[in-house]
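Take a look at the structure below.
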Ligand code: UGA
């Protein structure tokens, strides 16, 4: 099928490549000429395992091309909208400027029978509003909302083999036609018996934000428990294992630490709260403000633990920070707790040296005041304290005996509760985790 993907950021670039890999004829469109140039050269503008491979193979097959011209969307049957919906400046609400602009620019190129498919995360009510805009333009095209659940670091796998598909469609015949077209687009997932929910626009929009709200709540729940564990001498890792064996709870997303970040969870829970308030139901999701507050508190907690552990004033100390990206397998530092901790420590006067397998370049653009090193050894050398804030395998594999020979003072703050505390202590380290005695 001929497909256009409008917006070639994280979501769009992966979606366009994956759809072409699955056999569709795809044009990826973005107004950012530099991004399009990089993609057209087979080089994704961000780090995502597996993406360079499918991008290259899809381009070699001739099924994938990129363009800065929205007119190149003409002729496609399905048009995916994958532009960003960041947090609005000065507010918690989502900024829909890019979504609105994408739809507006696409309108003149739509034809009878075309389907516009929103993938961006939007406040509930947006799809109904956009459907009316598309209908008023009179092309005969219709709209569906098909939220995306991909995780950074696993984006290719999540797009090619999603764990579920959700179609928000218009009522009646238009909805049936949209469902049939989307089933064709996702034929391979359909063949693999992927669970499918066909529903209305509002439900599809809410599925996405409520899924992220639930995940964020789960993380803040365990972080709140880890604060109680700290106050009572309990062990949060053992507590998480024990409650996680209850299938109704589950062990995933119960890792206490410096908290969640990235381009989705933080801004999505804030936008959800803002939208609920607009709907007069602010009280229904007021708990998400607490989820946000607990999350942000973990960053302060790691900073405070570091200050307390140091044997000298922070402004005379060298602090080694292991991790910058918001999670492993990603170079994304948007709202990254790791980068935030590094910046806060620097702000307090510490000589911060930070390292990360993928996140240095993006961090340097935002915070040139930090010192970055690509070498773990150089990062650790003469440190007065080490703070681990992203659980990359490279950091988990550090030999504590070797590391102890490099630092000035063997103090490690494990902001992800990911190291073997006993092994580090045995090597002479003062080991401090969150909610871990
Ligand atoms: C998240 C969702 O997991 C995806 O399903 C969703 O599609 C995506 O947002 C989106 O809306 O686009 P992602 O932002 O890639 O995906 O990251 P996650 O894997 O969810 O991790 C988010 C943050 O939570 C990371 O900073 C991670 O370190 C943290 N986290 C995760 C914890 O602190 N503890 C945990 O137990 C799990």
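Read-outs: derived from the displayed coordinates by stated rules, not from any lab. No experiment lies behind these values; they were computed from the predicted model shown. Cβ placement follows ideal geometry from the backbone for every residue including glycine, while neighbour counts extend to all protein chains displayed.
Suppose each label sits 7 Å from its Cα in the direction of the beta carbon; what would the residue 377-residue 163 distance come out to in nanometres?
Distance between label points: 4.1 nm.
Going by Cα centres, the stretch 158-190 and the stretch 39-94 are how many Å apart?
First find each Cα centre; the distance between them is then 20 Å.
With a ≥ b ≥ c the root eigenvalues of the C-alpha gyration tensor of the stretch 7-80, is it rounded (a/c under 1.5), prolate (a/b larger than b/c) or oblate? Walk me through the numbers on the way to the answer.
Values: a/c = 1.65, a/b = 1.16, b/c = 1.42.
Taking the square roots of the gyration eigenvalues as a ≥ b ≥ c, the stretch 7-80 is oblate.
Antiparallel DSSP bridges in the chain: what percent, to the nearest 5? List each step's numbers first, then the result.
Values: 3 of 46 bridges.
Of all bridge pairs located within the chain, approximately 5 percent are antiparallel.
Starting from the Cα gyration tensor of the chain, take the square roots of the eigenvalues, sort them a ≥ b ≥ c, and report rounded, prolate or oblate (rounded when a/c is under 1.5, otherwise prolate if a/b is larger than b/c, else oblate).
Values: a/c = 2.22, a/b = 1.78, b/c = 1.25.
Cα axes put the chain in the prolate bin.
Report the extension gain between residue 297 and residue 193 in nm, rounded to one decimal, defined as 0.36 nm multiplied by the number of residues separating them, less their alpha carbon distance.
Gain on stretching residue 297 to residue 193: 33.3 nm.
How many angstrom lie between the Cα centre of the stretch 229-250 and the Cα centre of the stretch 348-362?
31 Å
Suppose a student asked you for the relative contact order of the chain, using Cα pairs under 8 Å spaced at least 6 residues apart; what percent would you report?
Relative contact order, the chain: 12 percent.
With a/c under 1.5 counting as rounded, go ahead and sort the stretch 78-223 into rounded, prolate or oblate using the C-alpha gyration tensor (a ≥ b ≥ c being the square roots of the eigenvalues; past the cut-off, prolate if a/b is larger than b/c, else oblate). Kindly include the intermediate steps, with their values, before the conclusion.
Values: a/c = 1.90, a/b = 1.21, b/c = 1.58.
Since a/c reaches 1.5 but b/c is at least a/b, the shape of the stretch 78-223 is classed as oblate.
Which order do peptides 25-37, 329-341 fall in by mean Cβ count within 10 Å, highest first?
Packing proxy ranking, top to bottom: 329-341, 25-37.
Within the stretch 181-209, name every residue whose backbone N is under 19 Å away from a label modeled 7 Å from Cα of residue 173 along the Cβ vector.
181-182
Among 57-64, 84-91, how do they line up from the highest to the lowest mean number of other beta-carbon atoms within 10 Å?
My ranking of the peptides, most packed first, is 57-64, 84-91.
Note the full-extension length gain between residue 105 and residue 361 as 0.36 nm times their separation in residues minus their Cα-Cα distance, in nm to one decimal.
Net length gain for the segment: 88.9 nm.
Only counting other Cβ atoms within 10 Å, I'd like 408, 436 sorted with the fewest neighbours first.
Numbers: 408 15, 436 19.
Lowest count first: 408, 436.
Rank-order 320-327, 420-427 by packing density, defined as the average count of other C-beta atoms within 10 Å over each peptide's residues, highest first.
320-327, 420-427
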